[in-house]
Amino acid sequence: MRLADQVRENVGMAVDTLRTSKLRSALTVLGVVIGISTVMAIATLINGVQQQIVNTIRTAGPTTFYVMKVFSQTPVDPDNLPAWVRIRPDLQAREAERFSLLPEISYASLWGIKIGRVEYNGVRVQPNRIYGADSRFTEIIGGELTTGRWFTRQEVAGGQNVAVLGASTTGTLFGQENPLGKVVQIGGRPATVIGTYSPQQNIFDPPGVETTAIVPYRWLDQRFAIDKTNEQFIIVKPRASVTVDDAQDAVRISLREMRGLRPSTKDNFDFMTQGQILEVFNNLTGAFFLVMVALSSVGLLVGGIGVMAIMMVSVTSRTREIGVRKALGATRRDIMMQFLIEAATLTGIGGVLGIAAGLAIGKGISLLVNVSAATPISYTIVAVVISIGIGVTFGLVPARRAARMDPVEALRYE
């Protein structure tokens, strides 16, 4: 009880001291506010991005994986491929068909992506992403078919010139006009619109990148030169009771047999799993987060030094007060606690302001990049603890100086 009373009394004294020198206190906590707000803003944004990636992975299913000619965290230059990439065969539709027949696999299909324009009656959209896929597109990518229909099996198998347009493309080209049945130019090739598609928010889509159209893969392959290294892949979805490892083993054995690889020969293809996608992202954001923490630490260090400076000035200006308190029976521990609590109060206020500013900045950035973000409570608690810890750490030297003052000398101070 006595300790609680002391803490409450010292906090009140600290607040009164801060009120008497508002400008000096505000400048002191500014560094703490900048440091904490930076960390909170970045933490909020990264947490929102992580949640959106998890939601995206959940849409396709955590066991869905991709077979690729080569998996690289950065696209390889198709005009200057390394020798070990050039000797790898391109993926084939028959390979995807073979996978779909395996007892471990519920779905497998060869897909492709191309960048191109969509045009109608002289109006055209900016070059963007065109998918070559099939009628199970939304099951893998997410989103929904808003009007019309998906491709029939005959249209997919025959590579018919039909297309499902993205919502943004539909609005730009047609406005309020019904697009179904209209013939548009996709990369200069005619295709009949049979449906419209509304995409799901997807963090893998950088700002400005969107799906303009989905067409049958065979149509895309026949009319465009697809980069078979970077723009082509086989999507594989295991059955519900099959693990990713078992499904990959089944696909690996099947593909090696089809390509006639000997047991001692390495795979001439790669797998990319949802876990690898998440790992790549975590590596990127983890490094980014560490850099931002390092930069914000400079602000915290400046704030801490400011706290130490202001507390040293406070100790000097209140020397006589310290002498009176000691003369009335205050111990070194009492004096030290008084100034430590004052320093912690100073940085605690900076921490609270920094959290508020960081949440606002994080929310603003989230709205700007279209990411739904929420800050975990743990981050807020850690931020408060850090800010108070800075006050205690940098307030230790001034507090010890105040505690060691000789009461007689302090009373004589003018």
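The values are calculated or read from the model by the stated rules, or taken from the named source; none is laboratory data. Since the structure is predicted, the reported quantities are computational estimates derived from the model, not experimental observations. Ideal geometry is used to build each Cβ from the backbone, glycine not excepted, and the neighbour counts take in all protein chains shown.
Some notes on this structure:
- Residue within region 105-115 that is without any contact (Cβ under 8 Å) to a residue 12 or more places away in the chain, over 27 Å from Val251 (Cβ atoms) and not charged (D, E, K, R) present: no
- Checking each residue in region 182-200 for being part of a loop (DSSP other than H, G, I, E, B) and of a type in the set (Lys, Arg) picks out only Lys182.
- One residue stands out among those in region 159-181 that are in a helix (DSSP H, G or I) and out of contact with any Pro (no Cβ under 8 Å at 6 or more places or on another chain): the one that is surrounded by the fewest Cβ atoms within 10 Å (Cβ to Cβ), which is Gly171.
- Condition check for Gln73 on (1) over 30 Å from Trp111 (Cα atoms); (2) modelled with pLDDT under 75: one failure, at (1).
- Hits in region 195-209 (condition: crowded, with 17+ Cβ neighbours inside 10 Å and either on the phi > 0 side of the Ramachandran plot or modelled with pLDDT of 90 or more (or both)): Gly195, Thr196, Tyr197
- Residue among Met308, Met312 that is within 30 Å of Val33 (Cα to Cα) and more than 38 Å from the chain's Cα centre (by Cα): Met312
- Output for region 142-158, where each listed residue is part of a helix (DSSP H, G or I) and surrounded by 17 or more Cβ atoms within 10 Å (Cβ to Cβ): Glu155, Val156
- Options Leu110, Leu102, Leu91; residue that is in a loop (DSSP other than H, G, I, E, B) and touching a strand residue (DSSP E or B) at 6+ places or on another chain (Cβ under 7 Å): Leu91
- Subset of region 77-107 (residues that are over 16 Å from Lys266 (Cα atoms) and among the aliphatic types (A, V, I, L, M)): Leu81, Leu91, Ala93, Ala96, Leu101, Leu102, Ile105
- Top-ranked residue of region 210-233 - restricted to ones that are of a type in the set (Val, Ile, Thr) and buried (at least 23 other Cβ atoms within 10 Å of the Cβ), ranked as nearest to the chain's Cα centre (by Cα): Thr211
- If the condition is being polar (S, T, N, Q) and touching a residue at least 12 places away in the same chain (Cβ under 8 Å), then region 127-166 contributes Asn128, Ser135, Thr138, Thr146, Thr147, Thr152, Gln160, Asn161.
- Index of the failed condition, Thr375 passing every other in (1) more than 19 Å from Met311 (Cβ to Cβ); (2) in a helix (DSSP H, G or I); (3) at pLDDT below 80: (2)
- Test: residue in region 234-244 that is small (Gly, Ala, Ser) and in contact (Cβ under 8 Å) with a residue 60 or more places away in the chain: yes
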